[in-house]
Structures are given as structure tokens and as C-alpha cells.
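The values are calculated or read from the model by the stated rules, or taken from the named source; none is laboratory data. Everything numeric in this text was worked out from a predicted model, so none of it was measured. Here the Cβ positions follow ideal geometry from the backbone for every residue, glycine too, while neighbour counts run over all protein chains shown.
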């Protein structure tokens, strides 16, 4: 569900449909909260299983799979592999979404600065300063 919601958010970002972006972001946050709640329950069960298998309570899924009897061993290894693949996909999609958001914010800021007829640059200490450069502008009335 998280992967779907992130992809939905990416499609909105790529299409420039910022009207629905806050709704998509809120849906991502709802799914993340559900994951957090589920993770607490999963961790409690995993601790019990780890202790039953003679492992430390904080044993990883890989360690649990290695110590589990058949057929659980194969099932847990497959689950771990699928989980790692899904985590990789989610991380990559989140990175792309972050890049799209940053690019969109930068483009909006530059557009606003163009209308304000000023240019912001960085000063010697790294602070943002207005250049106060006056320049002619061509405005598309369709905007």
C-alpha cells in the first residue's frame, strides 16, 4: 500500500497536479502510521519466537529464518527477500519524489523571484542576499 501511495504521489508531482498533492501526502502518512502500529505487534511476536528458538530477543528476520525449522525456514527466507526488494523499491520511489518536490519548489521560487524583479544569491558567509538587480521581464499573460 505504501508503494502504491508513493507512486500515486509521484504521478501527481510529475503531472504538476499540486491540487491533490496534500491529499496524497496525507494518505502516505496514514499508511506509514499503520505500518508503525503493525511493526510494534510484529516486534512483540518476533521477540517471542526468537526466545523460543534460543536467540536474542532482538534477532533479525534472517537470524530467525536460519534458526527456524522447515518449512518455516524457507518461508521466512522468501519473506525476507520480498521485504528487502519492496523496501528498495519504496526507498527509490521516495528519493524520486523528494527530488521532484525539490525541483518544483525551486522552480516556483525562481518564478516568484522573476516577478519580484530581484535576484537572490548567496553572500560571503552563505546567507541569502537580494541582488536588487533590475531587469526587463517578458510576462506571458496566459499565466
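Here are the numbers for the structure shown:
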{"read-out": "Failed item in (1) more than 22 Å from residue 18 (Cβ to Cβ); (2) at pLDDT 90 or above, with residue 96 passing the rest", "value": "(1)"}
{"read-out": "Qualifying position, being modelled with pLDDT under 95 and either surrounded by 10 or more Cβ atoms within 10 Å (Cβ to Cβ) or in a helix (DSSP H, G or I) (or both), among 50, 108", "value": "108"}
{"read-out": "Residue 21 within 30 Å of residue 128 (Cα to Cα) and without any contact (Cβ under 8 Å) to a residue 24 or more places away in the chain", "value": "yes"}
{"read-out": "Checklist (1) touching a residue at least 24 places away in the same chain (Cβ under 8 Å); (2) more than 30 Å from residue 104 (Cβ to Cβ) applied to residue 31, failing item", "value": "(2)"}
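Every residue, every condition in (1) on the phi > 0 side of the Ramachandran plot; (2) loosely packed, with under 15 Cβ neighbours inside 10 Å; (3) more than 15 Å from the chain's Cα centre (by Cα), yes or no:
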position	(1), (2), (3)
5	no, no, no
32	no, yes, no
38	no, yes, yes
41	no, yes, yes
54	yes, yes, yes
82	no, yes, yes
